[in-house]
Each structure stands twice: as C-alpha cells, then as structure tokens.
1. Name the GluC sites (Glu not before Pro) in region 1-99 that are in a loop by DSSP and that have at most 10 other C-beta atoms within 10 Å, would you?
2. Working out 0.36 nm times the residue gap between Tyr76 and Ala166, then minus their Cα-Cα distance, what length gain in nm do you get to one decimal?
3. Looking at this model, which pairs from Lys244/Lys266; Lys82/Lys243; Lys223/Lys247 are more than 27 angstrom apart at the alpha-carbon?
4. Enter the Cα centre distance for the pair region 67-115 and region 171-192, rounded to the nearest angstrom.
5. Taking the Cα atoms of region 4-208, report the difference between the largest and smallest coordinate on each principal axis, in whole Å and largest first.
6. FRET efficiency for Lys177 and Ser107, Cβ-Cβ distance as r, R0 = 41 Å, nearest 0.05?
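Nothing in this text is a laboratory measurement; each read-out follows from the coordinates by a stated rule. Since the model is a prediction, treat every value here as computed from it, not as a measurement. So basically every Cβ, Gly included, is an ideal-geometry build from the backbone, and we count neighbours across all protein chains shown.
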Amino acid sequence: MKAKIVYVLSSCDEDCYFEQLLLSLTSLGFNNPGCDVVILTDSSTYRRLQAQEDKLPVKVLIKKIDIPGGGKGGFYNSRWIKTRIREFIDGNFLYLDTDTLVAKPLSDIDHVDADIAAVIDGNGQSLFVDRGERRKLDAAGLHDIVDGPYYNGGVFYVRDTPAAHAFFSLWHSNWLKMVNEGVPPFDQASLFKTNLEMGLMIHELPCEWNVQTCYDAAVHYFKKGIIIHSYSSMHTYDESIIKKHVKENGGRLDGFALEIAANPNKYGIGIYRKKSFKGFLLYPYSDLLHFLKRYPRLYLAVSHHVDDFASACAELFSRCRK
C-alpha cells in the first residue's frame, strides 16, 4: 500500500497504551507486511519508545513532537498531536488508535477518492445512545446540534492535499479553543464542529474499516471487519493481562497474544456491556468472560462457543429493538 500507517502515542509506565500499540502493530504486521509505519509521540514517550524499538514487531519511524510547555499529561498530549497530524506527515496516511487490531489487508484505502474519510461513530447506531456523546457536544457549546454525520476519530484516512491541511488546521484550533474554555480534551466534538464548518468534507467509509466493538451494531460487521476497534475494552485480552504478558516476556508478545493479533475477527470481540436490555441478556456471558480472561489459553479453546452464543443474543436484541 502507498499510504503510511500512523499512530499517536503518549504513554507512561502506569498505563497500557504502549502494550496496546504492541498488539496493534503485531496484527498490522500479520496482514500488511512491509508497510510504512510512523509513530508520533511526545518527548517523554519518545525516550521510552527508543529504548524499546528493537522489540517492536514491525519496522517503524518514531517521530518526536515538541508540545509547548511539555504538554499537560498523556490524554492532552495525544490529542494535541492527533489534531495536528497532517502537518507532521508527508504523503497520504491512515491513522489508527492504539486500541485497534488490523484484521485484513489495508491496501484498498489507497483507492478512496476523498481528502478525509472516516467511519460513522457507533457503526450507524443512533448517535447519543451509549457513550454520552450528546454531553460532550453540550460541553463544547454545541447545544443546538441534534443530529448530523458524527464520525469516530479512531480510524481515518487523509490525503496530502491543501483541503486536508486546512481541515486539520481548523480542527486543532477548534480543539484548543474548547480545551482552553474548560472542555475535557476529547477530540470528536471538535472534529464534528470542524466537519460542519468545512461543509461536511469528511467522506464516509464502510463500517468494516472501524468496527467499534462497544456498540450493538458492531455485530453486523465483526466477521468481515478490516479494523477492529476495541475502545480499550477487549474482554479477550484486557489491560492488566496484556501488561503482565509483555512484562513476563521481556517486552514482547508470544503465544496466545500472537493468536489474538493474527485472528482479530475471531478473538477481538468485546461488544457486550451491562447497561441495556442486551446487557441484561448477556450478563452471564459477561461474567463468564471476566472469569475466562484470567486464563487466556482456556479462553482461546472455548471462545468460538461463547462468542457464537453472544452473537446470537446480540442479533436477537437488534431485531427486537427494530
């Protein structure tokens, strides 16, 4: 593929973003060998990545981005960089959050005829149902916005065009203004505002390009998903397990972790929560997974059975809701 793959990482020893990146890079390497990968990072994370570069599963270019005053912590720093990615990368690129798994070849992205392209948030599920996006827009002062093309910021394709550069310049300006006014430094509300102001410039990608596993709608796209986006909530491989596994294996992934990275469509499922009628149906399933995730090898042996049950329940719920 011609487009570069770009990640943004701001991480410390207390979080699991670096370990998530390892898993994502490993999945990328299985299905897209030889692609150009760039990791944009702040100063403190840059030193950590340099020390671990020989253990990364694919060849990468690590690029340090200087944030004024050193930034204000990982969450702020990552969004400061993310909303300015376009100026740091030459050529077209596909951005991926660290909590993604690449399940299939990505080369078709080169044929997308758009300056910027992304997947609708929630995989088409009603906008403000599950994750409080309405509250984020209210906090950003967008009280009158009821509906619209609201895109997920975890995966997006960007061409190297004047229009794309202008979009990112405005996105960063909108994001920074919201943060300075006391809005939490999430990036999607400012992305939404920018898209409106740029005349709905973002082109919609099929949901398979960003299967957002915390939504009910993901069940329709999971098996054919190109990129599985876990929202840091994969039941199959939660944050404590991945961190422990990497530590015990000298900073590398092997065994069951490699199986997950090699088969995201099979093992990356994590769409089931307890906050809805569907969650009530799957409450025993959720508790079962919380038990099984302590024993990953056992999970891999039985996962196809519990996932088939869970998918059937989610499908039933989806039909009942209609």
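1. Of the GluC sites (Glu not before Pro), the ones in loops of region 1-99 whose Cβ has at most 10 other Cβ atoms within 10 Å are Glu14.
2. 30.2 nm
3. Lys223/Lys247
4. Value for the Cα centre distance between the two parts: 17 Å.
5. 50, 40, 34
6. 0.65
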